[in-house]
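Only one structure is covered here, and it is reproduced in the block below.
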Ligand code: ATP
């Protein structure tokens with residue numbers, strides 16, 4: 001079992017009221033555990049409380065209530081420089097008048113490390129981030145290079161935990177992708193715990209071992225990228241991570257986790273119920289990802305359908321009509337009407353001759369999905 005490196009227990013942060021405004025509850029009763037050596041993301045939209053959570057772990061803010069433990073020790077009142085963590089800020093916060101080398105050596109010298117040793121450790125850290133322009137000033141560096149200096153400055157102190165606040169936010173897409181890869185390899189080489197704040201769901205899904213999805217100060221769901229993507233517990237999480245269809249209907253019957261949902265007067269679909277206590281007769285929302293839906297031409301054979309849908313024991317089959325088809329290179333994205341009033345997005349990968357058999361608007365199709373891929377949301 002992995003060791004817990006950082007633990008938040010019912011942590012709340014309220015900023016006091018200012019100028020007649022109401023107090024802000026930036027973080028609301030968050031409890032989570034981050035394991036040693038883990039690459040952990042705090043993910044959510046602007047203002048959801050990610051940065052405040054990170055700043056409390058770093059020691060720049062104290063919780064209003066609740067407790068933070070780092071390596072089993074409560075850190076209340078411990079100043080940032082006495083915590084075994086280091087922070088990389090979005091704006092890098094480099095000293096403009098110092099060279100790259102001086103920027104990286106600075107923290108060590110402040111800690112009383114001898115100049116010679118500070119220098120050799122700084123060179124080593126800069127080597128780790130593959131930067132050799134040691135005598136340049138920050139303004140003579142590109143955004144990506146400045147980012148590397150900020151990383152080296154944090155790594156040089158050998159922290160047990162590195163806190164990163166949208167560290168790639170200022171970089172263009174190509175550089176961002178390259179730095180993502182470098183951060184991932186650096187993290188696995190060094191075995192340092194990374195806590196990574198981002199609002200970019202793709203970044204969190206590709207880079208991190210586990211993700212806490214935050215909204216309005218709360219950690220709504222914590223899990224691996226595939227858990228968060230495949231089994232979102234709430235509408236917010238399903239919507240924030242990737243594209244999702246939300247189908248409204250009335251829950252008309254259940255059998256264990258199997259649920260039947262009426263979407264209009266004539267049509268019933270099936271889905272999986274996470275909360276078996278959901279009451280029958282109420283309005284529910286079914287979430288299903290566009291790539292989990294399969295189409296075949298009306299009158300066609302299921303044996304020709306892509307994927308494993310033919311062998312799937314529990315599946316929904318419903319007739320539909322193509323409303324819109326949009327070829328987007330690797331995929332084709334369809335809007336398909338099922339039943340009388342429901343539209344769903346379906347995505348098909350374009351491989352082989354698939355492009356030739358693209359469905360056209362107006363065409364009748366059969367729409368299938370495995371019921372395990374359609375989930376009745378409880379929130
Ligand atoms: P972003 O991605 O935009 O940085 P975030 O998820 O990191 O957002 P926080 O910076 O943690 O969000 O802010 C959460 C909430 O707390 C926001 O409503 C913000 O305005 C408020 N807040 C943050 N810091 C303070 C402060 N020092 N005083 C008052 N309110 C604050």
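The values are calculated or read from the model by the stated rules, or taken from the named source; none is laboratory data. Note that the structure is a prediction, hence the values are computed from the model and not measured. Counting neighbours? That spans all protein chains shown, and the Cβs are built from the backbone with ideal geometry, glycine included.
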Can you name the strands (runs of 3 or more DSSP E) wholly within the stretch 16-88 that have at least 2 residues being more than 16 Å from the ligand (Cβ to nearest atom)? 24-35, 65-70, 85-88
Residue 120 - would you say it is away from the ligand (no atom under 16 Å from the Cβ), outside any strand (DSSP E or B), under 28 Å from residue 8 (Cα atoms) and assigned by TED's automatic domain parsing to the domain that holds residue 50? no
Regarding the stretch 167-179, can at least one residue be identified that is in the same structural domain as residue 104 (by TED's automatic domain parsing), crowded, with 21+ Cβ neighbours inside 10 Å and under 25 Å from the mean Cα position of the chain (by Cα)? yes
The one condition residue 170 fails out of (1) at pLDDT 90 or above; (2) within 16 Å of the ligand (Cβ to nearest atom); (3) out of contact with any strand residue (DSSP E or B) (no Cβ under 8 Å at 6 or more places or on another chain) is (1)
Output the number of residues of the stretch 85-96 satisfying the condition of being at pLDDT below 90 and either under 24 Å from residue 6 (Cα atoms) or surrounded by 16 or more Cβ atoms within 10 Å (Cβ to Cβ) (or both). 7
Which count do you get for residues in the stretch 294-307 that are modelled with pLDDT under 85 and in contact with a strand residue (DSSP E or B) (Cβ under 8 Å, 6 or more places away or on another chain)? 6
Would you list the strands (runs of 3 or more DSSP E) that sit entirely within the stretch 202-289 and hold 1 or more residues that are crowded, with 18+ Cβ neighbours inside 10 Å and without any contact (Cβ under 8 Å) to a residue 12 or more places away in the chain? 258-262
